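What follows draws every value from the coordinates through simple rules; no lab data is involved. Note that this is a predicted model, so its numbers are computed, not measured. When we count neighbours, we look across all protein chains shown, and the Cβ atoms used for this are built from the backbone with ideal geometry, even at glycine.
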Amino acid sequence: MNILNRFLKYVNFTTTSDESSESCPSTPQQLVLAKYLTEELESIGLSQVKMDKNGYVYGLLPATAKRENDTPIGFISHMDTSPDFSGVSPKPQIIEDYDGADVLLKGSGATLKVDDFPTLKWLKGRTLITTDGTTLLGADDKAGIAEIVTAMEELIEADRHAESRGYENLSGHGDIWVCFTPDEEIGRGADRLDMDYFKAKYAYTVDGGYEGEIAYENFNAASATFKIHGKGVHPGEAKGIMKNASLMAAEIAMALPENETPATTEGREGFYHLTDMQGDVTEAKLDYIVRDHDQTRFEDRQNYLKEIAEKFNEKFGGTPFTIFEKNRAGGSVVEVKLKHSYSNMLQIVEKTPEILDRARSAIESEGINAVSDPVRGGTDGAKLSFMGLPCPNLGTGGYGFHGPYEHITVEGMQTVVRIIKKIAEAKG
């Protein structure tokens with residue numbers, strides 16, 4: 001099956017994950033795709049193929065003759081799509097010989113604009129795949145799955161052809177593991193990956209943008225929740241008594257630096273991001289995510305939030321309790337709870353330079369520049385790196401993820417297939 005048909009087949013599966021669900025996978029539809037992928041991996045000839053009870057799909061391309069002692073490596077992509085936008089029944093638009101101009105998304109009437117996505121200019125002349133504007137496309141990360149499966153299929157065919165000719169001109173490869181995970185979009189993709197079954201020394205997630213991307217530096221991340229406890233009373237008798245929790249929450253939100261939000265930062269600049277606010281007079285809540293590439297600044301940010309809680313407890317007449325678990329008998333007005341999410345994989349991956357050298361060599365052999373921009377987010381690879389599996393991230397050739405402007409090209413996916421094959425065939 002060619003890469004376009006395979007990709008279109010995968011995007012037909014609705015696999016939106018659900019953060020409110022405690023099951024794994026978080027939505028049963030992901031199991032439907034997992035079952036299909038299990039059958040497909042078996043049909044193309046991988047061994048040790050299985051789908052476990054949590055919906056993780058595994059397979060192995062065994063080493064070829066005289067490469068059995070090579071370092072076993074792996075490739076990983078995720079099956080779910082983001083809950084940020086509908087992923088139900090995508091209707092892809094396929095534009096051959098794309099002219100590099102704005103694209104009308106015919107289902108919604110919206111326009112995919114070059115001004116918003118300047119990289120579209122690079123894609124002129126290619127076969128462009130977009131949404132119709134009513135859903136996301138699902139390239140994040142069904143493109144990664146399609147690229148891995150296609151690369152494995154082509155490697156298997158090359159192995160069989162070489163075997164029939166007495167192994168003449170066979171590049172060969174060591175053990176190559178693949179894994180497709182559920183629930184990456186809600187931060188759980190790495191949580192139940194069976195490290196005892198997936199016997200790679202290091203791996204690559206295939207889940208990025210530009211096809212020449214090799215990302216190995218991501219944010220340190222935490223979540224923070226402020227709870228504000230007010231005092232309600234009839235507004236006609238409120239003077240000197242009422243403490244309006246919603247107004248106090250608003251004041252706390254305004255106390256954070258206005259130039260340190262996602263909308264005002266870039267590159268390695270960190271931020272505080274208010275993701276949700278709820279409240280009434282008696283109770284209010286502010287949810288934040290906290291990000292920074294630098295570990296010291298990341299810790300400083302968390303300490304600053306604790307200081308904010310202490311400051312406003314003093315202002316609003318509360319005792320200095322700053323975590324939810326403590327007894328509120330003393331009358332804490334403002335509490336803050338911090339929870340670590342993930343860490344910057346750089347400190348792990350840089351100890352295994354061969355994993356980066358292998359990818360850069362494969363990318364540059366395609367005549368394109370290897371780009372290693374810091375990721376303003378996290379990947380499954382970040383968690384896996386701290387679980388003992390160094391795991392930088394490769395691009396898929398897709399852009400505009402998590403919304404109706406998602407797009408990718410057939411040629412970009414074909415390039416990534418070749419990059420995966422060259423990484424697999426590199427000796428190491």
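Before moving on, here are some points about what is shown:
- Along region 355-365 the Karplus relation, 6.51 cos²θ - 1.76 cosθ + 1.60 evaluated at θ = phi - 60°, assigns HN-Hα couplings of 5, 6, 4, 5, 6, 4, 4, 5, 5, 5, 5 Hz to successive residues, with x for each Gly and Pro.
- Relative exposure of M51, M1, M345, judged by other C-beta atoms within 10 Å (fewest first): M1, M51, M345
- Region 138-157 residues near the modelled Y36 label - backbone nitrogen below 20 Å, point 7 Å along Cα→Cβ: 138-154
- A simple spin-label model places pseudo-atoms 7 Å from Cα toward Cβ; at S20 and K315 they are separated by 3.3 nm.
- The modelled label-to-label distance between S361 and A65, using points 7 Å beyond Cα along the C-beta direction, is 2.4 nm.
- Theoretical ellipticity at 222 nm over the chain - DSSP helices of four or more residues, -39500 (n - 2.57) apiece, nearest 500: -9000 deg cm²/dmol
- Within the listed set F117, F180, F198, the Gaussian network model of the chain (springs between alpha-carbon atoms below 10 Å) gives the highest mean-square fluctuation for F117.
- Bridging of K113 to lysines at a Cα separation below 17 Å is possible for K121, K124, once same-chain residues fewer than 8 apart are set aside.
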